[in-house]
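Below is one structure, written out as structure tokens, with a few remarks after it.
The values are calculated or read from the model by the stated rules, or taken from the named source; none is laboratory data. These numbers were taken from a predicted model, which means no experiment stands behind them. Counting neighbours? That spans all protein chains shown, and the Cβs are built from the backbone with ideal geometry, glycine included. Ligands, DNA and RNA are stripped out before the accessible areas are found, and what is left, the full protein with its side chains, is counted by its heavy atoms. Shrake-Rupley method; radii C 1.70, N 1.55, O 1.52, S 1.80 Å.
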Amino acid sequence: MNTMHWICRSCLSRAIRPLFKLRVRWQTTASATESVPPALLARARAVADEHKQLAEKLANGFDTRAAKKLGGYGAIVSALEEWDKANESLAELTSLIHDPTSDPELRELAADDLGATRTSLAKASQNLTTSLVPIHPFAHLPCLMEIRPGAGGSEAAIFAGDLVRMYQAYCNRHNYRSTLLKYENINGTSEAGVPLSEAVLEVNSASAYGVFRCEAGVHRVQRVPATESKGRTHTSAASVLVLPSLEENTSLENDFEDPESDYYIDVNEVKVEVMRAKGAGGQHVNTTDSAVRLTHIPTNTVVSMQDSRSQPKNKEKAWQLLRSRLAQARREKREEEMVALRRSVLGVAKTGRGDKVRTYNWGQQRVTDHRSGATVHDLDDVMDGGQTLDTVMEGVRRWLMEKDVEALIAEEASKK
Amino acid sequence: MPRLAIALLRHAYTIDPLLPLLLRPCRTLAAAQNELRWLREHVDKLVQARRPVNRKLQQQPKALLRRLAVERASGKPLQYILGTEFFGELELRCQPGVLIPRPETAASVTHLSHLIQNAPALPSELRVLDLCTGTGCIPLLFDHDFSSARSDRRLQLLGVDISDKAIGLAHRNLARVRRWKASAGRGDVDFILADVLSNPFGDQTLDPPCLKAALNFNKKPYFWDIVIANPPYISPSAYWSTTTRSVRGFEPKLALVPPPRPGNNDTEQADYFYPRLLTAARDAEAKIVLLEVADLDQAMRVATMARRIAIFDGIEIWRDQPDQRNESAVGISAEFPVRGQGNARSVLCWRGLGATWLGRGRATKTSRTTRA
Ligand SMILES: C[S@@+](CC[C@H](N)C(=O)[O-])C[C@H]1O[C@@H](n2cnc3c(N)ncnc32)[C@H](O)[C@@H]1O
């Protein structure tokens, strides 16, 4: 910031606006990379302690179990050491700089060093974090995002369409391949501003589920609808459901055959209906109705597809969606028990379909995420899928990660 | 046909001014919206085509879309407007003068292929003859489905039709499918012109020749393992009462209604092809015969004809979706097993090794057995 002195006034005033916008981002990114969540740190220390004990045990005689556990801890322990070291040097440098008694030349040297030390601390923090956080079992998969209007009538439906375009733009910017598997506004087209009834966006890139799973939940909008003549602000909502996507050729394909898997469906339990089976059929009619409806009888889950002129293609997409929905339901059911346990221990909020996760406020041009607690002010950039959205999503992922770690710790505690 | 409610038309208009046009042939809003979307995609594709078919229209996509919607409103099938129809996993070319392939036909062909492709004792070469082939859809789909599962068996497939237009289109569809990268088909496919109704011992017109002469002339085998046919099967009365306006007004009657013969009543005319097809199948020593029909009544009549010639070991009736479990007891015939869901759609006969290929086990002669 020392170049500031040389900037003339008018330039300065021009620079101030973007600076103001950027401030939030800086803070979040800085904290996102430089610090480690307290819960994580606590766990890392606990691991390091156990590591030390195990090592002593091993020194007194060989124990296979201990040796194996020790191996698993190695990465965490060395990451923690790195982090401690980086932290120490940073503390040293800062105290040097702030100490009025220190030599000015030394101070300048320290200031020069500060940047590099910050960077290495950020790297150490990241390493430490990734070494600890349990990776979601589906994080590496592509995903399906189902977006539907919630409460709030056609305004909710318009907002749901806005969200679809926001995620599409985000995908474009990040070079994720995204396809609309289904987009139904009341118009049969994908024009903006036309109320949406349901959209399914497939993000067909590895790890998309890990990126987008934090988007699941109820997104709330506060603005004056285009249709509102009196200029009153309305509050409406749209829901986003994020499912890991399994295409036929993913590595989990075998799971389709495995009755133990979440993705297993007994084909005898699914009723397949093609809509044109009514009437005389055959040579008597030549309609173009290629719609396919699948009903999973035990759970009464219904999926229908009519986007393509090809019936097999509609059927394939419908199966893909049905598998994903059922798997999600099964996972959720299993996790609910886990979550109940975590809640009782910690009060961790679940990030499922029911909870209000984010508010988009047009009047104040702000977006607030209710989980990470972060607020950003460049609403337009968020809606355009820009960097501000990255910031928001990063914040949530970070929050989610902390919760995951807290839950992990709680779980371990409950086992003891 | 009931008139469309004014309220529905008005609602459709507010969504898109072109929708009321499409509501006429489509009847439901959802179907009309789908068709409008497909027409739009079609126009977009034309507009973006590198070699424009018609530059003037290309500059006016809105006008083009409107013109196509008006055409559709007159009842012209969407498949003729777009120029293609999906048949199983294939997208085939369609053109006026040749019947548009139907999804029920595709469902039976795919199901037949599924049954056979898992058979343990298939011969190294399998021969499939399709009588009344139209666009060539049946041999092309069988080739694709079967070859994607069993590349270790050679296939020879032949489609026969009386119509020049159909044979020309079938050849173009073969070329189209071969160009398509995802196509699995690799069989030896051909299409020839012949009249399957003409009697080799009767007065011969050589244009088009009878089946035997055509096989001979084209150096094709006499013997075929599988014979499939979706012949014209609609009676004159059903043509007026049951087919839709779009079928009557735009698809060739030659493909739908068998020719009249002196002394034949309505039903006899509808059934006119089946005795010839069964005879052709017998002459070809077919192990499996699959014949499409209009409904359960015709299915019963055809199954009875097949039983009468006393060469088959088993006969059963398939519905529109033969791969689905049969839930309803409605129309279950006491004489022939009925499989699948929907309307009765085809009659399957087999003999000799055909039983093993189909996984049906060897049934008692003429299959008078009923299902428990
Ligand atoms: C119902 S269409 C079936 C076409 C095609 N197999 C399909 O499933 O879409 C009947 C076909 O039989 C042909 N056809 C009519 N009379 C015939 C005859 N005497 N001999 C051979 N083919 C005939 C028609 O040209 C028409 O293509």
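Highlighted here are the helices (runs of 4 or more DSSP H) found entirely within the range B:19-125 that include at least 3 residues which are open to solvent by 60 Å² or more (accessible area, probe 1.4 Å): B:29-48, B:61-73. Quick check on my filter: what residues within the range B:221-230 are more than 10 Å from chain A (Cβ to nearest Cβ) and open to solvent by less than 50 Å² (accessible area, probe 1.4 Å)? Residues satisfying the conditions are B:221, B:224, B:225, B:226, B:227, B:228, B:229. Note on the range A:158-182: residues that are out of contact with any Cys (no Cβ under 6 Å at 6 or more places or on another chain), surrounded by 18 or more Cβ atoms within 10 Å (Cβ to Cβ) and free of Cβ contacts under 8 Å to residues at least 60 places away in the same chain total 3. Listed conditions (1) away from chain A (no Cβ under 11 Å); (2) assigned to a loop (DSSP other than H, G, I, E, B); (3) not acidic (Asp, Glu) are all met by residue B:134, apart from (1).
Annotation note: Cβ proximity below 9 Å between a residue of the range B:159-177 that is within 14 Å of another protein chain (Cβ to nearest Cβ) and near the ligand (Cβ under 9 Å from one of its atoms) and a residue that is in a helix (DSSP H, G or I) and among the acidic types (Asp, Glu) (sequence gap 6+ or interchain) occurs for no pair. Going through (1) away from chain A (no Cβ under 14 Å); (2) within 16 Å of the ligand (Cβ to nearest atom); (3) of a type in the set (Val, Ile, Thr) one by one, residue B:110 falls short only on (1). Count of the range A:361-387 residues, restricted to those that are open to solvent by less than 20 Å² (accessible area, probe 1.4 Å) and under 16 Å from residue A:168 (Cα atoms), is 3.
One line per residue, one yes/no per condition, for (1) away from every other protein chain (no Cβ under 14 Å); (2) open to solvent by less than 10 Å² (accessible area, probe 1.4 Å); (3) more than 9 Å from the ligand (Cβ to nearest atom); (4) not hydrophobic (A, V, I, L, M, F, W, C):
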{"position": "B:142", "(1), (2), (3), (4)": "yes, yes, yes, no"}
{"position": "B:149", "(1), (2), (3), (4)": "yes, no, yes, no"}
{"position": "B:153", "(1), (2), (3), (4)": "yes, no, yes, yes"}
{"position": "B:157", "(1), (2), (3), (4)": "yes, yes, yes, no"}
{"position": "B:199", "(1), (2), (3), (4)": "yes, no, yes, yes"}
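Taking each residue of the range B:7-18 that is part of a helix (DSSP H, G or I) and looking for partners that are open to solvent by 70 Å² or more (accessible area, probe 1.4 Å) with beta-carbon atoms closer than 7 Å, six or more apart or interchain, yields B:15/A:186. Take the conditions (1) of a type in the set (Lys, Arg); (2) farther than 22 Å from residue B:246 by Cα; (3) within 14 Å of chain A (Cβ to nearest Cβ); residue B:72 misses just one of them, which is (2).
Given the structure, is residue B:345 within 14 Å of chain A (Cβ to nearest Cβ) and either outside any loop (DSSP other than H, G, I, E, B) or open to solvent by 50 Å² or more (accessible area, probe 1.4 Å) (or both)? Yes; evaluated as a whole, the condition is true for this residue.
Residue-wise test of (1) away from chain B (no Cβ under 14 Å); (2) aliphatic (A, V, I, L, M).
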position	(1), (2)
A:158	yes, yes
A:169	yes, yes
A:185	no, no
A:195	no, no
A:200	yes, yes
A:214	yes, no
A:220	yes, no
A:229	yes, no
A:237	yes, yes
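Only helices (runs of 4 or more DSSP H) whose full extent lies in the range B:231-325 are considered here, and the ones with at least 1 residues that are within 12 Å of another protein chain (Cβ to nearest Cβ) and surrounded by 18 or more Cβ atoms within 10 Å (Cβ to Cβ) are B:236-241, B:245-250, B:266-270, B:296-308. Quickly run through the range A:130-157 and pick out the residues that are open to solvent by less than 20 Å² (accessible area, probe 1.4 Å), in a helix (DSSP H, G or I) and closer than 29 Å to residue A:37 by Cα. Residue satisfying the conditions is A:132 alone.
Within the range B:252-286, if we keep just the residues that are within 30 Å of residue B:127 (Cβ to Cβ) and of a type in the set (D, E, K, R), the residue that is nearest to the ligand (Cβ to nearest atom) turns out to be B:276. Hey, does the range B:114-126 have a residue that's within 12 Å of the ligand (Cβ to nearest atom) and at pLDDT 95 or above? No; the residues of the range B:114-126 include none that is within 12 Å of the ligand (Cβ to nearest atom) and at pLDDT 95 or above. Among the residues of the range B:82-99, those identified as touching a strand residue (DSSP E or B) at 6+ places or on another chain (Cβ under 7 Å) and more than 12 Å from the ligand (Cβ to nearest atom) are B:83, B:84, B:91, B:93. Only one of the numbered conditions (1) within 15 Å of the ligand (Cβ to nearest atom); (2) in contact with a helix residue (DSSP H, G or I) (Cβ under 7 Å, 6 or more places away or on another chain); (3) within 14 Å of chain A (Cβ to nearest Cβ) is not met by residue B:184, and that is (1).
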